[in-house]
Structures are given as C-alpha cells and as structure tokens.
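Beneath this line is the structure, given in structure tokens, with notes to follow.
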Amino acid sequence: MNVRKIWRRGLDLLPHHGFHFDRPLVLIQSDDWGRVGLRDEAGLEQLRASGLVLGDRAYDFYTLETAEDLAALSSVLSHHRDSSGRNPCVGMNFILSNLDFAKMSSDAFREIHLLPLAEGLPQGWSRPGLVAAYRQGIADGVFYPAMHGSTHFCQSAVERSLSENGERAALLRTFWQAGTSYIHWRMPWIGYEYWDAEKAEDERMLAADTQRTLIGQTVGAFAKMFSTLPRSACAPGYRANDDTQRAWAQHGIRVAQNGTGMLAPVHFDRFEILHLFRTVEFEPATDASFSVEQCLRQAEACFERGLPAIVSVHSINFHSTVRDFRSRTLQALDEVFGALESKHEDLLYLHDENLYELASQGSYETPQGVVQVKVTRKTFTKAGLARQRDK
Ligand SMILES: [Zn+2]
C-alpha cells in the first residue's frame, strides 16, 4: 500500500460531527444543466450519416433542455407544498460553457474554444426563451442554481487527443461538426473536468493551481449568468479532492455535493464546507430498475436515521427534444412528492443553502418565514459507515 493510500485510510478513521434532523427534509440535486448534447433530430441524422450507430444507451439521446421542458417541470413543482407552504426546489448544477463550434471550425477543429453560457448557445443551436426560463424558475423559488463546471470533460485530456491526431481526434471532430460536444460513454478517455482518466492512478486529479484557475473562471461565468455567486458545487463525475475543496472554499462555495453510495450524515470539512451525500436515485431515463416505490423506500431510510433525503436526478430526465424522457419523469416526480406529503405532515423541501443555514444555526429563512428544525450532532467515521453499509 502506498503512502497516499495509507493517508487516505487514516482520514477514514478521523471522527466527524454529523448533523441529524428531527423532521423529514427533502432536497433535489440535478446535474448537467446548460450542457449541450445532441442538437435535435437533424443533429442526430447528421451523426448517423457519418457512420455512428446511435441508440445503445439513453445518453445517445441526451440533448439540452428547452423552455417548454422547464415550464413543465416548474408546473409540477408549483403544485406541491411542504408543511411550511413552500414548493419543492430543484438544485440545478450548471455547466457554464459550451464549445464554440463556429470558432473551432474556422481552425479545422485543431483546438478548443469555449463559449460562456451567458453569451448564448453554439452555432446551429436554437433554444428560444431558455435563459429566461431558468431565471423565471429561480425567481419563483422552484429552481436553485449551483455550480457544476465549465466543460464537464477534462480539457487537457481532449487537447492531448487532438495533438495525437489519431482515431480519437477524428471521433471528436465528427461530433463537433454536428454541433455535439461529446457522448461520454463512447469516449470515457475525455475524463471529467478536474480528473484526467488516463494518467496513473495517483496523478489523475489535476494539479492544485490548475484546478484553482478553472474554478475561478467557472465562478466568474456563473456570476455573469446568474448575477450572483455560487454557494453550492458538484464536481463533474463527482471527481473532487482536497485541492478542489480548498479552491471552492476560497471562491465562496459553502456546500459540496457528493454522489450516492454512502448514507453519510451532513458534516463540515476542514475548509468549513458542508458536505452533502445523495441518497435517493431518481433516474428513470437511465435506470432500468427505477420505481417510485424504491425511491420512497430510500427516502424513508434517510428519515429513520435523521438524515435528509437528497434526490439525485440528472437533467437528461427532463429532456424531450429527441426522446421524450420528460413525461415519465414528471409523472413519477409528482407521485413521489404526493406520497411524501401525505405521509409526513412535517415534511420540508429545502435547497443546499437552506441546509447550510440549518446546520450552522438551527433554522433557515424562506420567503414564507423562518423554519426551525431540531438539529443534533453525532460523531461518526467514514470507516464506520463503510462497515455498516457492507454488513
Ligand atoms: Zn455531470
């Protein structure tokens, strides 16, 4: 075992103060908003004409949300209320830049150029009213914007493939010519924003100063888009380390979102960032075993332990342009909310920043007033949680 592994194992034995809550709390965290995929039917046909056989997985039909998709989601959210009179709120993790295909094609796609989301969508893309729809949902309190990244993929990994100019570069250019950035499962070597998939295991996370620069740029792009600073962040592919968290803290991030797999209590790290763990998998578009009942069971397991039910639902589930993923998702979401509301008369819907306020001071403020929840602290170790899980 190398030194780093021993050090990590040591960290797993460190005690943390986990927060437990005496009311059922529900948060929704949703990744990949603003990131363009397949443009539309014409984009799909263009890729097929270039020899790609699409349709093996749902992500072959990942497109980009439309203003109508957002209106339909907003309508479901606004029909539900918690015990404080508040609507459920979807935390949307945004990708703040897309590829600037127009600029890149003038250079024969030899390098990457980014187009900030605040400046619009790439050439060939049309989503009338989309930005206004994001902002309306935020103003109505049914969407809460948070930071995902600038590109989602690891820029240095893509640049390496371009300079090698082999099969991988050809595949990338086929996608780019059709106005699609990438389809990750077909090219996992593009990695994740702060994580270079093909480096040696201990070198995959980008250097601290590279991460800090990227995060600074992303925070700037977020501020331009939403006229506010991000307070919650989720690393693309959940690939984050101490360097990511330190840079987030330096840029005012207070909440770090982590993926599913551990029923870990909410707790602060050494950078005073509050860590949240997703506990309910709500992915009807990609999960063949998805069911409303299973989601409700996962939520109840959280409530029994005094943990918030944190729902993971990626943006693809709300897309409708090339495949209608949206209808089934909204139907199921409506059922989940209805079941939770009728079973728990003290139910609360929150977003990440509310939970931060709650963990820090025992209450949080909404437009409807101040909400009090009894918060208790209990010590736990990550090693202990892993033992529980493996039992
Ligand atoms: Zn993502």
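The values are calculated or read from the model by the stated rules, or taken from the named source; none is laboratory data. Model, not experiment: these values are computed from the prediction. Cβ: placed from backbone, ideal geometry, glycine included. Neighbour counts: every protein chain shown. For the accessible areas, the whole protein counts, side chains as well, though only heavy atoms, and no ligand, DNA or RNA atoms are used. Shrake-Rupley method; radii C 1.70, N 1.55, O 1.52, S 1.80 Å.
With both labels modelled 7 Å from their Cα along Cα-to-Cβ, the Lys103 to Arg160 distance reads 2.4 nm.
Could you work out the local net charge near Pro145, counting Lys and Arg as +1, Asp and Glu as -1, over the other residues with Cβ closer than 10 Å to its Cβ?
Numbers: positive: Arg135, Arg231; negative: none.
With Lys, Arg at +1 and Asp, Glu at -1, the neighbours total +2.
I need the peptides 184-195, 112-123, 18-29, 367-378 ranked by packing, meaning the mean over residues of other C-beta atoms within 10 angstrom, with the highest value on top. Don't skip to the end; give the middle numbers.
Working: 184-195: 19.3, 112-123: 17.5, 18-29: 22.1, 367-378: 12.5.
Highest to lowest by the protection proxy: 18-29, 184-195, 112-123, 367-378.
Our summary gives region 214-345 a relative contact order of 16 percent, counting only alpha carbon pairs under 8 angstrom and 6 or more residues apart. The slack between His79 and Asp346, meaning 0.36 nm per residue of separation minus the straight C-alpha distance, is 94.4 nm. Sorting Met225, Met205 by accessible area puts them as Met205, Met225; the probe is 1.4 Å, largest comes first, and only protein heavy atoms count. With r defined as the distance between the Cβ atoms of Gln250 and Ala386 and R0 fixed at 35 Å, what FRET efficiency is calculated, to the nearest 0.05? That pair, Gln250 with Ala386, gives E of 0.70.
Throw me the Rg/Rh for region 205-347, computed over C-alpha atoms with Kirkwood Rh, two decimals.
Value, to two decimals: 1.02.
With R₀ fixed at 35 Å, the C-beta to C-beta distance from Val131 to Asp287 puts the FRET efficiency at about 0.70.
Between rounded, prolate and oblate, where does region 274-391 land on the alpha carbon gyration tensor, with a ≥ b ≥ c its root eigenvalues, rounded for a/c under 1.5, else prolate if a/b exceeds b/c?
Details: a/c = 1.94, a/b = 1.35, b/c = 1.44.
Oblate shape, in that a/c is at least 1.5 and b/c is the bigger or equal ratio.
Placing a pseudo-label 7 Å from each Cα along the Cα-to-Cβ vector at His113 and Asp22 gives an inter-label distance of 6.0 nm. For the chain, the longest principal axis of the alpha carbon atoms and the long axis of helix 352-361 meet at an angle near 30°.
Here the extension length gained between Ala208 and Ala42 equals 55.7 nm, from 0.36 nm per residue of separation less the Cα-Cα distance.
At 1.4 Å probe size, with every protein chain present, just tell me what the per residue accessible area of region 242-359 comes to in Å². Please report the intermediate quantities before stating the final value.
Numbers: 4380 Å² over 118 residues.
In whole numbers, region 242-359 has 37 Å² accessible per residue.
Pairs of Cα atoms nearer than 8 Å and 6+ residues apart set the relative contact order; for region 144-251 it is 36 percent.
Label region 4-155 by shape, choosing from rounded, prolate and oblate, from the square roots a ≥ b ≥ c of the eigenvalues of the Cα gyration tensor; if a/c is under 1.5 it is rounded, and otherwise prolate applies when a/b is larger than b/c, oblate when it is not. Could you put the intermediate results ahead of the total?
Working: a/c = 2.17, a/b = 1.32, b/c = 1.64.
Cα axes put region 4-155 in the oblate bin.
Once you list every other residue whose beta carbon is under 13 Å from the beta carbon of Arg278, what net charge do they have if Lys and Arg are +1 and Asp and Glu are -1?
Values: positive: none; negative: Asp31, Glu281, Glu283, Asp352.
Net charge around Arg278: -4.
Relative to the first principal axis of the alpha-carbon coordinates of the chain, what is the inclination of helix 67-78, with its axis defined by its Cα atoms, in degrees from 0 to 90 and to the nearest 10? That helix lies at roughly 10 degrees to the long axis. Can you give the % of DSSP beta bridges in the chain that are antiparallel, to the nearest 5? Antiparallel bridges make up about 40 percent of those DSSP assigns within the chain. First check a/c for region 169-253, with a ≥ b ≥ c the square roots of the eigenvalues of its C-alpha gyration tensor; if it is under 1.5, answer rounded, and if not, answer prolate when a/b is larger than b/c or oblate otherwise. It is oblate, given that a/c is not under 1.5 and a/b is not larger than b/c. Charged neighbours of Asp269, selected by a Cβ distance under 12 Å, balance to +2 (K, R count +1; D, E count -1). For region 255-297, the residues whose amide N sits under 11 Å from a probe point set 7 Å from the Cα of Arg377 along the beta carbon direction are 268.
Once the Cα-Cα distance is subtracted from the 0.36 nm per residue extended length, the Asp12 to Ile138 segment shows a gain of 41.6 nm.
With respect to the chain, whose longest principal axis is taken over its alpha-carbon atoms, helix 155-164 is tilted by about 20°.
What's the carbon and sulfur percent of region 311-391's accessible surface, probe 1.4 angstrom, rounded to a whole number? If you can, show how the numbers build up before the last one.
Numbers: 1790 of 4140 Å².
Whole-percent figure for carbon plus sulfur exposure: 43.
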